[in-house]
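Read-outs: derived from the displayed coordinates by stated rules, not from any lab. Source: prediction; values computed, not measured. Glycine gets a Cβ as well: all are built from the backbone with ideal geometry, and neighbour counts include every protein chain shown.
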Amino acid sequence: MPRVSERVSDGDLIQLVGTGDRNAFELLYRRFSRPVLGLALRRLGDRGRAEDALQETFTSVWRSASTYRPERGPGAPWLYAVARNAIVDRGRGRAETPTEPPDDEAVEPGPPEQAEASWLAWRVHRALEELPERERTVLELAYWSGLSQSEVATFLNIPLGTVKTRTRSALARLADLLEEELQ
Amino acid sequence: VRREPPDLRDLVGDDVPAAELERLGRVHELLVRAGPPPELSTELVEPPADPGREVAVLPRRRWRTLAALAAALALAAFGAGWLAASAGDSGGNAFAIDFHVPMHGTEAAPNAVASIAVGERDESDNWPMAMTIRGLPQLPEGQHYELWLTKDGKLIESCGLFRTRGDSVVYLNAPFRLRGKGWAVTRAGGRRLLLRTVEI
């Protein structure tokens, strides 16, 4: 079976999944599994439930991808809606209302702000999956590992200048991918 | 884990033109606000094995007996169970696989992972299953694990008891009409879930 191109759009990928294309499904999973899990963790605050929601999301995607209509919008928001439904279903079993993790700020954000934050994180995490592996690695190490740039260079066994070049390139690529959010 | 966001100039160097630095700075802010994406656990690196299989189709099947609760333990290496289940083995456990259902460990057994190969109804009207297990600790002599059918998060029917030692394949027969939506593993006599599938 021919492999699905890495360049195919999210919407085209969902349409291929709708035809029963397993390769397309795997590629879609690689693109969206971490954003879906991130969204579920924000909403459910529990790793086990979030992982269940991730699996339920992709089970639903497999079943319902044929209902996706590209003329109604791009693929990422469609998949976001599927994920949100799976997360809400998973949260219904709890006595308390699903919440975002505790916020350091004195005033808790309201639902609209939470939704906006969830959508932003979704888009950013989805865009990160588009980066070449070596660029994504330096970015994740730089922002979330606690390592300095010099330590990242040592960790990856590459020159410090290469770390900065890759970081800059990764940020520029992200800027292109997230053009809508940056306006 | 870093508490303070990194300094953008430190990240990209000092030789970036002002306009470009301003553009990168907005991306930098988005990254800081979004926070890190989560890491996938080992069992979630790959997508669901058979996302389209409908466990819900099972209730239409007919079962005549409630008898076969016994579990047989096969001490094959992890993964060999698929070969045994699909191609036949010398222990009388051979059957044709209808579909696979992946299981993952709960917080009570985070390192456990399993997969159930569910067979076609056999001549005895049983529904054979081979469960390949990794990461469940060996229990003391006389204690067993139990495989359950689940529905809406509740344990509804037992599929049998088994023991495991390291990576194992256990053979079970579903003794009831399969009216569950998923499967779960507990310690026999307990209710705490150690492994479970996603309910369909």
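What the table below lists for this structure:
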{"quantity": "Residues of type lysines that B:LYS181 reaches as a straight line, Cα spacing below 17 Å, ignoring anything fewer than 8 places off in the same chain", "calculated": "B:LYS151, B:LYS154"}
{"quantity": "Residues A:ASP176, A:ASP52 arranged by fewest to most Cβ contacts within 10 Å", "calculated": "A:ASP176, A:ASP52"}
{"quantity": "Rh (Kirkwood; distinct C-alpha pairs) - the stretch A:1-84, Å", "calculated": "12.9"}
